[in-house]
Each structure stands twice: as structure tokens, then as C-alpha cells.
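> Next up is a structure, given as C-alpha cells.
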Amino acid sequence: MRALLGLLVGLMVSAGSGAAAENLVREVRHELLLLPGYTVFDWLAYRVDGANVTLLGAVVRQELKRNAESAVKKLEGVGSVRNDIAVLPQSPGDDRIRHELLLSINQQMAAYLSEQVRRIHILVRDGNVTLEGEVESQADKDRVTELAKHVQFVKGVTNNLVIQK
């Protein structure tokens with residue numbers, strides 16, 4: 001379960017070795033996962049380098065970007081936070097794609113979208129879909145790609161899903 005949570009947030013670590021570094025990584029992951037409003041349409045990633053944290057990913061609401069930075073800044077051991085989270089532009093067309101793809105995945109692969117552990121995240125920008133998270137097999141990864149390609153108005157699909165080992 002712990003490995004899954006790291007993948008859901010897009011864990012990237014270059015922190016030093018030792019218990020303090022590992023604890024900081026766990027705390028950053030924990031804070032990001034518990035952010036109110038973090039949805040299947042957002043993807044948060046981070047990099048820890050000593051006491052410096054870089055936030056990465058993409059969100060649909062500016063408020064989530066601010067909340068992620070605020071939550072991480074409050075953690076003991078964090079010296080600085082660089083917030084490189086992109087805020088996706090508002091677009092009725094992109095919203096339509098997000099919801100149609102969510103419905104399609106939910107109908108065929110609902111286990112990946114449970115409220116407790118969202119294993120697939122759907123990012124849409126200007127009609128281009130990026131899939132983040134993890135799946136259990138190459139067949140599931142391919143299946144999600146095909147579902148995305150068949151949503152009306154999708155221009156392209158980038159599948160960054162990782163196969164769980």
C-alpha cells in the first residue's frame with residue numbers, strides 16, 4: 001500500500017540517506033494525498049533534495065496548487081518549497097473530455113478509480129490527454145489508452161501509467 005501511495009502522488013526523491021530524509025519524503029507524500037479537492041483530474045508529484053522540496057504536476061484549480069505549497073511549507077525539516085505545479089487552463093471542451101473519459105474508465109475499470117485510492121489520473125490540456133498513475137498489467141495500460149483515444153475531440157494520448165510490480 002505504501003508503494004502505491006507513492007506512485008499516486010508521483011514520488012520522485014533525491015533526498016539524502018537516513019531516517020530524517022525518509023521521514024520528510026513520507027510526510028510530503030502524506031500531506032499531498034490528503035489535500036482537500038485533490039481529484040482524479042489532478043496529478044501531484046514532488047522531488048525532495050535535502051530540505052528543499054520541488055512540487056510538480058498539474059491541477060485544474062489554482063487553489064489546489066496554493067494549498068499544496070502551504071501544506072508542504074509547514075512540515076518540519078522543509079527549508080524551501082519551489083512550486084512548479086501547472087494549473088490547467090479552464091476549458092469546457094477539456095472538461096467534457098475529462099468527464100467522458102472518467103465515465104468510460106469507470107464503466108470498464110472502476111477499481112482504478114475508487115474514492116480511497118485513485119490509481120489513474122486524467123490530465124487534459126487543449127484536447128490532449130495525459131494518463132498518470134499505475135495499473136496492474138500491460139493489458140490494462142493499453143486498454144486505458146484505447147478508451148482515451150475513443151473519446152470525442154481527443155487530439156492525442158500520452159500514457160505515463162506505470163505497471164505495478
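> What FRET efficiency do you get for PHE153 and HIS30 if R0 is 41 Å and r is their Cβ-Cβ distance, rounded to the nearest 0.05?
0.65
> Taking +1 at the Cβ of each Lys and Arg and -1 at the Cβ of each Asp and Glu, which of LEU103, ASN159, SER91 sits farthest along the dipole of the range 53-165 towards its positive end, judged by Cα position relative to the Cα centre?
SER91
> Can I ask one more? Computed FRET efficiency, Cβ-Cβ of GLU136 and ASN52, R0 35 Å: what is it to the nearest 0.05?
Result of the calculation: an efficiency of 0.55.
> If you fit an axis through the alpha-carbon atoms of helix 138-149 and take the longest principal axis of the Cα set of the chain, what angle between them do you get, 0 to 90°, nearest 10?
So the inclination is approximately 60 degrees.
> Can you tell me which of 149-156, 105-112, 64-71 comes out highest on packing, and rank the rest after it, using the mean Cβ neighbours within 10 Å?
Descending mean neighbour count gives 64-71, 105-112, 149-156.
> Using only helices, what value at 222 nm comes out for the chain when you add -39,500 (n - 2.57) per DSSP H run of length 4 or more and divide by the total residues, to the nearest 500 deg cm²/dmol?
Result for the chain: -12500 deg cm²/dmol, rounded to the nearest 500.
> Can you check what the net charge comes to around LEU75, using other residues whose Cβ is under 14 Å from the Cβ of LEU75 (Lys, Arg +1; Asp, Glu -1)?
-1
> Also, quick follow-up: Taking only Cα atoms, what is the 0 to 90° angle, nearest 10, from helix 62-73's long axis to the longest principal axis of the chain?
Tilt of helix 62-73: around 30 degrees.
> I've got another one for you. Given a Förster distance of 30 angstrom, what is the FRET efficiency for ALA111 paired with ASN23, based on the Cβ-Cβ distance and rounded to 0.05?
0.45
> Counting DSSP beta bridges with both partners in the chain, what percentage is antiparallel, nearest 5?
That works out to approximately 45 percent antiparallel.
> Might you report the magnitude of the Cβ-based charge dipole of the chain about its Cα centre, with Lys and Arg at +1 and Asp and Glu at -1, to the nearest 20 debye?
With Lys and Arg at +1 and Asp and Glu at -1, about 100 debye.
> Another question about this same structure. Sketch the reach of a paramagnetic label on LEU103 as a point 7 Å from Cα along Cα-to-Cβ, and name the residues of the range 35-70 whose backbone nitrogen lies under 18 Å away.
40-41
> I want the local charge near ARG98. Using Cβ-Cβ distances under 11 Å, sum +1 for each Lys or Arg and -1 for each Asp or Glu among the other residues.
Result for the local shell: -2.
> How long are the three semi-axes of the equivalent ellipsoid for the range 54-165, computed from the Cα gyration tensor as the root of 5 times each eigenvalue, in whole Å, largest first?
So the three semi-axes of the range 54-165 are 27, 18, 12 Å.
> Let me ask something additional. Compute the long axis of helix 19-33 from its Cα atoms, compare it with the longest principal axis of the Cα atoms of the chain, and write down the angle in degrees, 0 to 90, nearest 10.
40 degrees
Coordinate-derived values only; no laboratory data. The model shown is predicted, which means the values in this text are computed figures rather than measured ones. With ideal geometry, Cβ positions are generated from the backbone for all residues, glycine too; neighbour counts draw on all protein chains shown.
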